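As structure tokens, the structure follows; a few thoughts come after it.
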């Protein structure tokens, strides 16, 4: 319960920061362009404290997550409906009292602020450097083991990869660890990738075309990371059943069969026995034990034991401020490209229930990643937290610029139309435009939140 509360608090803070940065962009642009801002709020709900300066009320609200920027005359529909007004009021200093090009800039400034925030924070992260926890670049063919079933040989096997191979480059990108490789594969479904592989003394190239996983929209080639069977974390159930077990113990054999990596260990437990005889190496000394097993629940009934094996620590290369800035821009642009590609995959028959995440799941993921990082230290936690919200910030940039009514992109489209036709918007057009937008957004919110709650309850998040 405490873990869940921690995750929710960190997740809420992260999503709140992203929203607050977005609204700050609208606020700054409106002030510069002569649009009066009635309220700029840190948080939502009833005002706790605040002050008014030059016509703007700056306040702290009850729920300090995100915020909002209320511009004068922005919400004309309520007054128009109540007073049966047919024309949009265009008083000086109001949102609709300025030319359409100014409203376009104000609409664009929110997403732009998200981009600027992401680039600045990513620049700082890459400048100071950070550790990456991951298995190394050695692989295991999934088709060599019975943990997963394949109707046909997966792409890795078809391409000629073998268990024990070390992938050192993919499409001219150096591969130092499994995360590097997985990231490229995940965004490259149905695209040909050039692998450079080390196998013993040999180094050679081969081509792999990842399949599209229709459950989550990611590319997959049918490999596991090679993780040495050295125990890194023991879950509470396993600890209770095996008080003799310690972090750093290496599993040498199960049922007399040699264990080279974690997949061989899980394969030995394929039938989910209650206990197995094992040989353990501790401080260079091998001893025999009976390992009592506690299994974790999974959606696909796969084997998952209540312990984790150690992963290696890699460090990012040292970068000067200019290199870090360019890297920050590159990451932000790459994330936009990946988001566009992922958006296109939504129409490729993938499982939308798993591929589409709403605010609840995003909040939970931010919190989960932050909590996992803080378990390794304050520095690692802060970097994990800010790195992930940078990615979310860039995704929100893209989503807000979609030409959907009510979103910033929809208003940019509407105001561009107004500027081209050189005639003010009518109340009827604005009303219909917002009504369509609200209907679309409400449907998306209901769909996304339903998915979020279903998935989180299934995973035991709540």
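Odds and ends about this structure:
- Count of residues meeting criterion [surrounded by fewer than 13 Cβ atoms within 10 Å (Cβ to Cβ) and within 18 Å of residue 311 (Cα to Cα)] in segment 247-259: 2
- Those strands (runs of 3 or more DSSP E) lying entirely in segment 176-253 with at least 2 residues within 24 Å of the chain's Cα centre (by Cα): 223-225
- Of all residues in segment 29-60, those being touching a strand residue (DSSP E or B) at 6+ places or on another chain (Cβ under 9 Å) and in a helix (DSSP H, G or I) number 2.
- Residue match in segment 155-178 (condition: within 30 Å of residue 274 (Cα to Cα), touching a residue at least 12 places away in the same chain (Cβ under 8 Å) and in contact with a helix residue (DSSP H, G or I) (Cβ under 7 Å, 6 or more places away or on another chain)): yes
- Check on residue 42, under 28 Å from residue 395 (Cα atoms), modelled with pLDDT under 70, crowded, with 19+ Cβ neighbours inside 10 Å and not assigned by TED's automatic domain parsing to the domain that holds residue 406: no
- Residue count for segment 70-126, restricted to those that are farther than 24 Å from residue 417 by Cβ and at pLDDT 85 or above: 15
- Look at (1) closer than 27 Å to residue 305 by Cβ; (2) surrounded by fewer than 20 Cβ atoms within 10 Å (Cβ to Cβ); (3) touching a residue at least 60 places away in the same chain (Cβ under 8 Å) and you find that residue 183 fails only one, number (3).
The values are calculated or read from the model by the stated rules, or taken from the named source; none is laboratory data. Just so you know, these numbers come straight off a predicted model, no measurement behind them. Please note: Cβ atoms are built from the backbone with ideal geometry, for glycine as well, and neighbour counts cover all protein chains shown.
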